[in-house]
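Asks: One structure coming up, written as structure tokens, with questions to follow.
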Amino acid sequence: MIDKPYQKDPEVILANYDVTDEERARLKDPDWGWLYTHGIHPYILVQFALAIGVEIPQYVQQVKAAAGEGNSYSGAC
Amino acid sequence: MANIVAAMSSVHSPLMMSAPQMADEATWGRINTGFDTLRDTFTSAGADTIVVISDEHFNALDPRRYPSFGVVTAETSVGPVENWLGIPCNSISVRFEPELAEAVLDEGVRQGFDLTRIGEVGLDYGFLTCLNFLTPRWDMSYLWLIQNCVLPPLPSLKRCYDFGRMVGQAIRSWDSSRRVALLGTGGLSHAVGTPDMGKVDPQFDKKFLNLLCQQDPAMFDITDAEIDAVGNGTHEIRNWIAVAGAVEGARGEVVMYEEGTMVVGFGMMQFQL
């Protein structure tokens with residue numbers, strides 16, 4: 001589980017992953033719309049949001065704004 | 001030999017556990033009445049083992065190693081693995097049925113299914129949610145069969161039906177006195193993590209339920225594009241179709257359907273055995 005350690009210090013968790021500086025920044029201060037449109041599987045992304053306490057309406061609002069309504073991503077990695 | 005004494009399916013929206021307040025009182029009552037009906041069916045049939053057919057949502061399985069069809073062979077497991085389901089992580093323990101798992105693996109290979117053995121897995125909401133209502137004391141033995149409904153390319157609907165048929169044959173060939181209930185979970189129309197999250201398509205759901213209950217082969221003609229159009233989570237109808245395959249020939253009945261609560265087209269059905 002990454003939820004509590006992540007909330008305490010995202011940098012410590014992110015150091016374990018091979019991500020770019022931009023990806024690290026968007027994950028540290030989660031930019032759900034950017035992460036969604038850059039190909040994170042939506043199942044993983046929304047559960048990551050839930051795991052760190054983000055409400056679904058807030059999440060959906062951001063991905064909808066970034067991707068446009070009806071422009072769904074079906075899940076291929 | 002073991003018998004299949006009940007076969008049913010239900011949506012597994014995790015919000016039933018994490019945010020039940022999203023349903024109004026009347027809807028929540030209908031959801032619980034639906035679970036009561038399903039529970040009465042397998043209880044009155046004397047079921048002592050529940051075979052769950054569901055996908056896993058990358059909480060315990062790594063997307064880099066995700067099987068098309070997986071059989072959990074562990075003796076026990078704990079869950080939930082999620083911290084957001086409304087109950088403490090790993091607060092539920094279940095006893096699996098590894099002997100039946102091996103029987104499914106053997107029959108699968110015999111019939112040309114190259115199944116993946118999953119010897120260790122935590123329990124995510126795909127497995128847990130419905131059972132939390134149906135067997136809240138967790139006093140049955142269980143088997144978890146995992147179908148890939150989440151990571152394209154997905155097995156075809158017909159392949160999932162055939163998988164279920166094979167599972168049914170494996171159960172009936174199992175040298176055991178067990179009385180087995182089958183439970184498919186997931187679907188119906190819904191989107192997970194996409195901008196469409198919250199949208200459902202009752203017309204699609206009703207068409208699918210009608211085909212499923214009639215065991216109409218036209219259900220295999222539903223394309224992945226049609227399913228995608230009503231939400232990526234809708235691919236979980238594969239789990240319902242597998243249950244239909246396990247009881248090939250049996251007709252089904254819709255137990256309940258709500259047009260969109262808990263971000264899904266909310267339905268339950270059971271087959272008449």
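Asks: From the list B:Pro88, B:Pro136, pick out the single residue that is farther than 24 Å from B:Glu236 by Cα, part of a loop (DSSP other than H, G, I, E, B) and either in contact with a strand residue (DSSP E or B) (Cβ under 9 Å, 6 or more places away or on another chain) or free of Cβ contacts under 8 Å to residues at least 12 places away in the same chain (or both). Walk me through how you get there before you give the answer.
Replies: Numbers: B:Pro136 fails: farther than 24 Å from B:Glu236 by Cα.
Of the residues listed, the single one that is farther than 24 Å from B:Glu236 by Cα, part of a loop (DSSP other than H, G, I, E, B) and either in contact with a strand residue (DSSP E or B) (Cβ under 9 Å, 6 or more places away or on another chain) or free of Cβ contacts under 8 Å to residues at least 12 places away in the same chain (or both) is B:Pro88.
Asks: Could you look through the range A:6-38, keep only residues that are under 23 Å from B:His190 (Cα atoms) and within 12 Å of another protein chain (Cβ to nearest Cβ), and pick out the one that is surrounded by the fewest Cβ atoms within 10 Å (Cβ to Cβ)?
Replies: Taking the candidates together, the pick is A:Thr37.
Asks: Something else: Could you look through the range B:219-246, keep only residues that are among the aliphatic types (A, V, I, L, M) and more than 11 Å from B:Asp162 (Cα to Cα), and pick out the one that is farthest from the other protein chains (Cβ to nearest Cβ)?
Replies: Going through the qualifying residues, I end up with B:Met219.
Asks: Please work out which one of (1) closer than 30 Å to B:Ala170 by Cβ; (2) crowded, with 18+ Cβ neighbours inside 10 Å is the condition B:Asp216 fails and give its number.
Replies: Only one criterion in (1) closer than 30 Å to B:Ala170 by Cβ; (2) crowded, with 18+ Cβ neighbours inside 10 Å is unmet by B:Asp216, namely (2).
Asks: Can you pull out every residue in the range B:137-154 that is out of contact with any helix residue (DSSP H, G or I) (no Cβ under 7 Å at 6 or more places or on another chain) and more than 28 Å from B:Ser93 (Cβ to Cβ)?
Replies: B:Pro152, B:Pro153
Asks: Are any residues in the range B:84-109 crowded, with 19+ Cβ neighbours inside 10 Å and either among the small types (Gly, Ala, Ser) or more than 14 Å from chain A (Cβ to nearest Cβ) (or both), and if so, which ones? Break it down into steps so the answer makes sense when it comes.
Replies: Going residue by residue through the range B:84-109, those that are crowded, with 19+ Cβ neighbours inside 10 Å are B:84-85, B:92, B:94, B:96-97, B:100-101, B:103-104, B:107-108.
Correct list: B:Ile92, B:Val94, B:Phe96, B:Glu97, B:Leu100, B:Ala101, B:Ala103, B:Val104, B:Glu107, B:Gly108.
Asks: Okay, moving on. Scan the range B:139-161 and report the pairs whose first residue is in a strand (DSSP E or B) and whose second residue is buried (at least 21 other Cβ atoms within 10 Å of the Cβ) and among the acidic types (Asp, Glu), with Cβ atoms within less than 7 Å and a gap of 6+ or a chain change.
Replies: B:Ser141/B:Glu97; B:Tyr142/B:Glu97; B:Leu143/B:Glu97; B:Ile146/B:Asp55; B:Ile146/B:Glu56; B:Gln147/B:Asp55
Asks: Looking only at the range B:174-216, how many residues end up being polar (S, T, N, Q) and within 30 Å of B:Phe58 (Cα to Cα)?
Replies: 4
Asks: Here's a follow-up. Six or more apart or on different chains, Cβ atoms under 6 Å: show the pairs whose first residue is in the range A:24-36 and under 13 Å from A:Ala67 (Cβ atoms) and whose second is charged (D, E, K, R).
Replies: Between residues of the range A:24-36 that are under 13 Å from A:Ala67 (Cβ atoms) and residues that are charged (D, E, K, R), the close pairs are A:Trp34/A:Arg26; A:Leu35/A:Arg26.
Read the figures in this text as sums done on the coordinates, not as results from a lab. Predicted, not measured: the structure shown is a model, and the values here were computed from it. Note that we place each Cβ from the backbone using ideal geometry, even for glycine, and neighbour counts take in every protein chain shown.
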